[in-house]
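K.L.:
A single structure is presented below for examination.
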Amino acid sequence: MSTPTLSADTATTAPAGPTVPAGRGAPAAAVSPFADAYARLSEVFPDLGVIELGADEAAPRGPGWAAAARLAEGGPDLDAFLAWDEDQVLRDYATRARPDVVAGFGLHRYAWPACLLITVPWFLLRRVPRLPVEDVTFQREQGRMAVRITTFACLPDDPAAGLPGARVVPDEEALRAEVRAAVAEHLEPVLGGFGPRMRRRGRALWGMATDEIVEGLWYVAGLFGEERRAMRELELLLPDSTRPYVGSAAFRELTGPDGESLPTRDRVSCCLFYTVRPEDTCATCPRTCDAARVTQLTTADAR
């Protein structure tokens with residue numbers, strides 16, 4: 001269970017916002033400093049579109065929209081969110097999943113794209129938005145996330161460094177620390193809402209967070225044609241158990257039948273998909289042996 005099921009008729013949109021300085025004599029474009037990153041994400045992965053909200057613009061509401069802050073509360077909004085996952089398992093696999101497994105699927109399908117809201121701008125632009133749960137809303141049937149970005153971190157030479165809300169950090173390692181902090185700020189309350197349903201806590205939940213960060217960006221960077229750079233960047237971002245995260249990027253290489261190099265990693269956590277389809281496991285599942293991984297990674301629908 002790597003890429004979550006997100007259906008979409010999506011387009012990335014950004015309202016008029018702060019301007020990024022243009023070249024001398026050229027008019028400044030009234031666009032968000034994150035518009036390009038989110039547009040590129042949507043271009044290669046049309047199942048996810050990001051809508052940037054203005055400072056005074058209300059978050060979308062209505063059927064299918066789930067506010068991250070309400071999911072974190074663990075109440076009726078989370079019940080409704082997980083009902084979709086329960087119905088999907090029954091529809092696609094003609095079986096019912098355990099409640100804790102359903103909750104794990106739901107967390108994965110939220111956290112995987114939510115992490116991309118932070119890691120993709122870092123990877124492409126070296127800009128790290130802060131996105132507390134109050135500023136994110138999700139519509140998974142349409143594959144859309146609405147966000148309000150008011151502050152972000154960047155490097156000293158970034159043209160956006162002088163914009164309102166920008167916070168300049170001295171170097172790449174400091175920016176990596178901002179990525180870790182931004183993801184943790186967003187996911188910690190979300191994990192608190194999902195955790196009791198999943199019958200997991202502490203280390204197990206943060207191990208899942210590690211996997212969502214790594215596997216989301218790894219997948220999307222492959223669509224950008226930059227898989228190897230992403231692997232190097234992720235190794236630096238999560239070199240070991242950097243609190244609160246558990247585990248690391250942990251990439252390694254397997255050898256294919258024609259001698260080709262096949263990147264893989266061992267997930268810190270297990271999504272429990274094998275409880276629904278025992279014969280099917282993910283290529284990065286800790287339960288999958290290397291021979292089976294090679295077979296999966298050399299088929300047309302690998303990863």
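K.L.:
Order these peptides, 180-191, 225-236, by their mean beta-carbon neighbour count within 10 angstrom, highest first. The partial results should precede the final answer.
P.N.:
Values: 180-191: 20.6, 225-236: 15.5.
So the peptides 180-191, 225-236, ranked by packing, come out 180-191, 225-236.
K.L.:
To continue, here is another question. Semi-axes of segment 151-212's equivalent ellipsoid from the Cα gyration tensor, sqrt of 5 times each eigenvalue, largest first, rounded to whole Å?
P.N.:
Equivalent-ellipsoid dimensions as semi-axes: 31, 12, 6 Å.
K.L.:
Determine the calculated [θ] at 222 nm for the chain from helices alone, applying -39500 (n - 2.57) to every DSSP H run no shorter than 4 residues and normalising by the residue count; nearest 500 deg cm²/dmol.
P.N.:
Helix-only estimate at 222 nm: -14500 deg cm²/dmol.
K.L.:
Please compute the contact order of the chain in relative form: average sequence separation of alpha-carbon pairs under 8 Å and at least six residues apart, divided by the residue count, as a percent. Write out the running numbers ahead of the final one.
P.N.:
On the way: 516 pairs, mean separation 55.8, N = 303.
Relative contact order of the chain: 18 percent.
K.L.:
Against the empirical 2.2 N^0.38 Å scaling, what ratio does the C-alpha Rg of the chain come to? Don't skip to the end; give the middle numbers.
P.N.:
Values: Rg = 19.2 Å, N = 303, 2.2 N^0.38 = 19.3 Å.
For the chain, the normalised Cα radius of gyration is 1.00.
K.L.:
Right, next: Rg to Rh for segment 224-303: what is it, with Cα atoms only and Rh by Kirkwood? Could the numbers behind the result be given before it?
P.N.:
Values: Rg = 13.7 Å, Rh = 13.9 Å.
Value, to two decimals: 0.99.
K.L.:
Order 171, 211 by their accessible area, 1.4 angstrom probe, all chains in place, largest first. Kindly include the intermediate steps, with their values, before the conclusion.
P.N.:
Values: 171 75, 211 0 Å².
Correct descending sequence by accessible area is 171, 211.
K.L.:
Give the Rg/Rh ratio for segment 106-232, taking Rg as the radius of gyration of the Cα atoms and Rh as the Kirkwood radius, to two decimals. Kindly include the intermediate steps, with their values, before the conclusion.
P.N.:
Values: Rg = 14.8 Å, Rh = 15.3 Å.
That ratio is 0.97, to two decimals.
The values are calculated or read from the model by the stated rules, or taken from the named source; none is laboratory data. Since the structure is predicted, the reported quantities are computational estimates derived from the model, not experimental observations. When we count neighbours, we look across all protein chains shown, and the Cβ atoms used for this are built from the backbone with ideal geometry, even at glycine. We work out accessible area using only protein heavy atoms, side chains counted, and drop any ligands, DNA or RNA first. Shrake-Rupley method; radii C 1.70, N 1.55, O 1.52, S 1.80 Å.
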